[in-house]
Each structure stands twice: as C-alpha cells, then as structure tokens.
Amino acid sequence: MDSRTSKQNYYLDIADSVLVRSTCLRRKYGAIIVRNDEIISTGYNGAPRGRKNCSDLGVCTRETLKIPSGERYELCRSVHAEANAIISASRRDMIGATLYLVGRDAKTNELLCDAMSCSMCKRQIINAGIENVVIRTGPSEYRTIPVSDWIENDDSIFFPL
C-alpha cells in the first residue's frame, strides 16, 4: 500500500512553504500553479518589487484603520499570492492548470481554514485559464473549487434595488 502523501497535499505543502516569504503583517498566503504535475510558478503576498513591505515598515494600513478582512484591498500594499503566481507564468502554461493556495495568520501562524481568493484574484484566475483552485482547510484537508463555478455563479454583478 502506498503511504505517500496525496498529490494535493504534496502541492499544498509546497504552497505552505512558499508563504513563509510573505511580508504581510495580517495574513500570509502561498500559491503555486501546477499543470501536468509540473510546477509552473509560485507566489506569496507582498509589496510590489522595489516598494517597502509592511514588514519593513512595521505597520499595516488596513489593520491601523481596523478594516475587516476581505474589505478595502485597494488600501493594502501587497500583491496577493495568486496574482504573483499568475504574473510569473505564461498564460499558455496556465490553461487547464490547478492553483494551490494556503493561508496562515501572520501573528499566530494558524491555518486559515476559511481561506478564499478575493474577487480580484478570482477574475485573474479565470482569465489565466486556470481550471481548479485547491485550498487547504486543515492539516491534510482541502477543498477543490472548479473555476467554472466562479464563471457560472458570478458574484461580482450587483444590481441595487
């Protein structure tokens, strides 16, 4: 009997290793894009190249302003892990690929069991041609989201009543 870790957990473990490079003071995320059992690219959340990171400044604007998680990302200095992984890859290599995502609390290092790509990252994942997103929800648990769900159940369209 094969006692090796599953492919999903193998790639999630790698994404978990990538997130240690994150420079965010609130949440650390690591992402990898895999196609045909080959890692195409990796990404973690941090300020754009050449700009100071929150970890360098010792302050998080969103935390200082008490902005809840998931809101007002335009005030954040960081580029998200998913976006950084997409930026580092060619679209032709991402078509049909899987993005693996792991998030941890920056202060406690606890796993973020409810991690989810933000609406901006979802749009980039869709346009990159990525087929599935696998998100770690526990030490060896995960959920798989078909990107087609984000296309068919578009939550970005809002019509005020």
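A few remarks follow.
- Checking N9, N36, N45, N84 one by one, the residue that is touching a His at 6+ places or on another chain (Cβ under 8 Å), modelled with pLDDT of 90 or more and either among the β-branched types (V, I, T) or under 30 Å from D154 (Cα atoms) (or both) is N45 and no other.
- Test: N132 is crowded, with 17+ Cβ neighbours inside 10 Å and within 22 Å of R51 (Cα to Cα): no
- When residues of the stretch 11-29 are limited to those that are among the hydrophobic types (A, V, I, L, M, F, W, C) and assigned to a loop (DSSP other than H, G, I, E, B), the one most open to solvent (accessible area, probe 1.4 Å): L25
- Test result for E141, within 24 Å of N9 (Cβ to Cβ), among the acidic types (D, E) and surrounded by 21 or more Cβ atoms within 10 Å (Cβ to Cβ): no
The values are calculated or read from the model by the stated rules, or taken from the named source; none is laboratory data. In this text the structure is predicted, and so the values were computed from the model without any measurement. All Cβ positions, even for glycine, are placed from backbone atoms using ideal geometry, and neighbour counts span all protein chains on display. Ligands, DNA and RNA are excluded from the accessible area calculation, which covers all protein heavy atoms including side chains. Shrake-Rupley method; radii C 1.70, N 1.55, O 1.52, S 1.80 Å.
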